[in-house]
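What follows is a short report on a single structure.
The values are calculated or read from the model by the stated rules, or taken from the named source; none is laboratory data. Given the structure is predicted, the values throughout are model-derived calculations rather than measurements. Every residue, glycine among them, receives a Cβ derived from its backbone with ideal geometry; neighbour counts consider all protein chains shown. The accessibility values were calculated without ligands, DNA or RNA, using every heavy atom of the protein model including side chains. Shrake-Rupley method; radii C 1.70, N 1.55, O 1.52, S 1.80 Å.
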Amino acid sequence: MPAHSQDESPDGDRRGSVWLWSLLGVFAACVPCALLVVEKSGSALSPVPLVLVILAALAGYVLAVRSVVEEKFRQRSRRSQVLVWAAAAVLFLGSVSVLFAFRPPPPPLTRMSGARDVAVVGFAQPEGRRDERVLIGLADTFAHDMAGRIPTATSVRSYAGEVSLPLAELQGNHRAGLERKTARFAEETNAEIVVGGLVSMDAAGQTSLRPAVYVRADQVPDSPELAGWFLSEPILVARGWESARGRSQLSAELTRRLSTLAEFVDALDTWRNGSPEEAARILDGLLDPKRQPTRDGFVPLDLIRLFHGHALQEQATGQTGSSRQKLLEAARADYLAVDKDSPAGWRAALSLQGNTYRRALGPEHNCKPGTVQARDLAEVSQAMRAFAEDRDITERERLTATVYLRHVRARRLTTLKA
């Protein structure tokens, strides 16, 4: 009988090992495989719940392996126990790798097809707050309200529940990650303007929302000041999120600010495409005292004045006589109204010299003696030379000054020969 027991012991151990590893393999694979089935059926899990479920499964798996090692390998060497732990770890990591290898990709975001598409990505709130549902609802309401307030060719859509951008980076100086992810999002959705914001609460418990917008650089090649992310002034939520009226007032203010930006970008497109009259008409509306943007808006008033002057000056190119001079004088008034210390100050000063050059050519825009203001041309030449050598302004502005300088020199030579 003892001999018989000794013959069956190795077989029993072998069968026990096969059963043991099979059980551990099934346990290691069951949770990831279950998650894979759930996601394949269309219920995609966000990263946080997915990681929590995997960590919970790992905790149970570790307890199971520990129990097996203590029961079956207590009498074995330390090396054998380490090998069991290593093999169990490989099993679990392999099963998790299979989960991520075969995990279905997230569904593609809806792509918009309007001429001036606006995407609302939601609002970031302080840690510990639980207003996520309210903020998603606010983003949806804002998108709905905005759809009827901007040009008819523009579509507005809320992605607040579908995408999560690191909007908290707006509070600091390092926005590289946010800019990169927003650029990918804008490319995927075809959005020209992306809207977000930061929620904050003061010591008295008063909530405010600071809106932020992202404008694609290819939408504002003539106005780099508006490219990328930038913040507007905060909006006070007078009655808190609980008040429907408070949320409605907040949505109305957001809509007002963004409609100004959308119209301004539309005016830039119109001007760039060779319709300065229509561009000037749009900008006239933005300069109307009844709806003139204040400092809390997305578009500085000085920038609107600058491009209103550009549109008027462009109209003057095809005019002669008093009509030409009248348009140039109106453009000059716009340039002079721009604050010298504003971001558009240098550009306005440069444009003012270009305006002086055009007015110096006379109402008929020719170089006949008696019609050209030689003294004005000399002053413009001197000013343009200073701009071309100024290292405090952008390379593009220096290049513009250089081009103007060549034109002025050519006109002065023509005048002298005449």
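Miscellaneous remarks
- Amide hydrogen neighbours beyond the local backbone of T154, cut-off 5 Å, H modeled: A115, R116
- The range 138-189 versus the range 337-353: alpha-carbon centroid distance in Å: 31 Å
- Taking θ as phi - 60° and the Karplus parameters 6.51, -1.76 and 1.60, the scalar couplings of the range 297-314 work out to x, 7, 10, x, 4, 4, 5, 5, 4, 4, 6, 5, x, 4, 5, 5, 5, 5 Hz in sequence order, x denoting glycine and proline.
- For the range 175-234, the alpha-carbon coordinates run over 42, 23, 19 Å along the three principal axes, in decreasing order.
- Compared with the direct C-alpha span, the chain from R133 to E278 gains 48.0 nm at full extension, assuming 0.36 nm per residue.
- For R66 and V82, the difference between the fully extended length at 0.36 nm per residue and the C-alpha to C-alpha distance is 4.6 nm.
- Centre-to-centre, using Cα atoms only, the range 62-126 and the range 230-246 are separated by 40 Å.
- Projecting label points 7 angstrom from Cα along Cα→Cβ for T402 and K290 puts them 4.8 nm apart.
- For E314, the accessible area of its heavy atoms, probed at 1.4 Å with every protein chain present, is near 90 square angstrom.
- For the range 215-329, size of Cβ-based charge dipole, Lys and Arg +1, Asp and Glu -1, in debye: 400 debye
- The packing ranking, built from the mean of other Cβ atoms within 10 Å per residue, places the peptides 216-228, 383-395 in the order 216-228, 383-395, highest first.
- Spin-label model distance (nm) - R375 vs T110, 7 Å beyond Cα toward Cβ: 6.5 nm
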